[in-house]
Amino acid sequence: MVTRRGFIDGTSAAGAAALFGIAAPASATPRAGAGVGVRDAELRARDAMRAANVGMRASYAALKSEMISRLSPVIVVQNDATGGTFTLIQDGNQQESVSPVPELFELAKSISHVPQGIFSTLATYLSDKVPNLPNADRIDPHDLDMVASEGPRADGWIRPLQNYAATLTTARRQLGEANLPQELEISCAKILDEALTFIRDSVRAGTFEMASFEEFSGRTYPSIRTNMKYAAAAQISGVEGLMRKWRESIGEEAWRDLYTVVLSIWTTSELNQASIIVRRCMNPAKAATHLIDLPTVEVPHDPIFVALDNLARIVQDNVSAELVFPTDPMIADAFRGKEDLLSVEILRQIGATTRSPTTSPSAASACPRQKEKTQPAV
């Protein structure tokens, strides 16, 4: 096995680039924006500077690759429609992969999603004008315009909505055989009945509007809250039961240093349901740094590798930040956290008084309309 030191000492920047699939800078071609007739010596000097970064990235990748096989213990959580798949990894080896949440979670959520299913069928046929509704100020007109591409004059929604009604009718007819708790069965029946009534009335009229849809969805909301109660209870019991089992299996000493990586899409990455439950089961002193919520663009092809690859990067950055930036804790925190390393300096130069990306800087409230020649602040 090639060690990091052997790799760094014995591999040129160009060789490192080839080994790790990193494109080495071309020595004969100026970068975009370079002036015509740039001296060869200048090109070589700049390429030599870039080679230093290529070498860094190669050694960084080597360290990360080595660490992946040593990370332990790790739980990887994949959020899904059944309440999540949980995988325990020790010493680089996958020990067990479990879907611990009772089926009641999936069933309760399936019926709760019915209004969203109707909306998704009708959305492109909405009017692109926000009507006078109590929550009208919460609907962005441009967002609505992007969604409502067909408009209310088209009737392409009728057949798909009738097809969905057939699915809901079957679910309603067989609901009593699902052996649900009585309260949950009643709430599911209410949602299905209201959905079928809305579909029937809309198809008969050959039209619908946002106001009528909101009236329908408002009537289902109390029942959806009931379903949410049962789904949450099922997930808590399933996840906490598995955590207790694994804690006993790997022992208290190992559990104290447990890493957990929760993979999710952006829309569920903040206050993720699995993260909330798992955090309660982890070492409180380390949960803030060892529980990683990892939003992904879509479900990864290899979620375990994606989780471990990102975790390795986070762990090595935690140590690197303190050694590379020992004199500036703010920059070290940026490097080891979610902030871009340049964020502190960029905020300083634009005169921002806050580090929050969602808050408009008070000293520079708008991007300049024209490009101005400015010198970096010193």
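The values are calculated or read from the model by the stated rules, or taken from the named source; none is laboratory data. These numbers come from a predicted model, not from an experiment. All Cβ positions, even for glycine, are placed from backbone atoms using ideal geometry, and neighbour counts span all protein chains on display. Heavy atoms of the whole protein, side chains included, go into the accessibility calculation; ligands, DNA and RNA do not. Shrake-Rupley method; radii C 1.70, N 1.55, O 1.52, S 1.80 Å.
Brief remarks follow.
- Applying 1/(1 + (r/R0)^6) with r as the Cβ-Cβ distance of A52 and D340 and R0 = 30 angstrom yields a FRET efficiency of 0.90.
- Residues in the stretch 149-170 reached by a label modelled at A205 [backbone nitrogen below 15 Å; 7 Å Cα→Cβ]: 152-153, 158
- FRET efficiency, 1/(1 + (r/R0)^6) with R0 35 Å, evaluated for N132 and T169 via beta carbons: 0.55
- Relative frequency of Cα-Cα separations exceeding 16 Å in the stretch 177-250, percent: 62 percent
- Taking label points 7 Å from Cα along the Cα-to-Cβ direction, E240 and S72 give a separation of 3.0 nm.
- Surface exposure of the stretch 203-284, expressed per residue as accessible area with a 1.4 Å probe, stands at 56 Å².
- Average accessible surface area per residue within the stretch 52-145, 1.4 Å rolling probe, Å²: 50 Å²
- Spatially, the stretch 134-151 and the stretch 304-336 are offset by 41 Å when compared through their Cα centroids.
- Rounded accessible area of S127 (nearest 10 Å², 1.4 Å probe): 40 Å²
- Accessible surface of the stretch 106-234, 1.4 Å probe, proportion on carbon and sulfur as whole %: 50 percent
- Each semi-axis of the equivalent ellipsoid for the stretch 144-286 is √(5λ) with λ an eigenvalue of the Cα gyration tensor; in descending order they amount to 42, 21, 12 Å.
- A straight chain from S269 to S65 at 0.36 nm per residue would run longer than the Cα-Cα distance by 70.8 nm.
- Segment R225-R280, extension gain: residue separation times 0.36 nm, minus the distance between their alpha carbons: 17.4 nm
- Label-to-label distance for E150 and N318 is 5.1 nm, based on points extended 7 Å past Cα in the beta-carbon direction.
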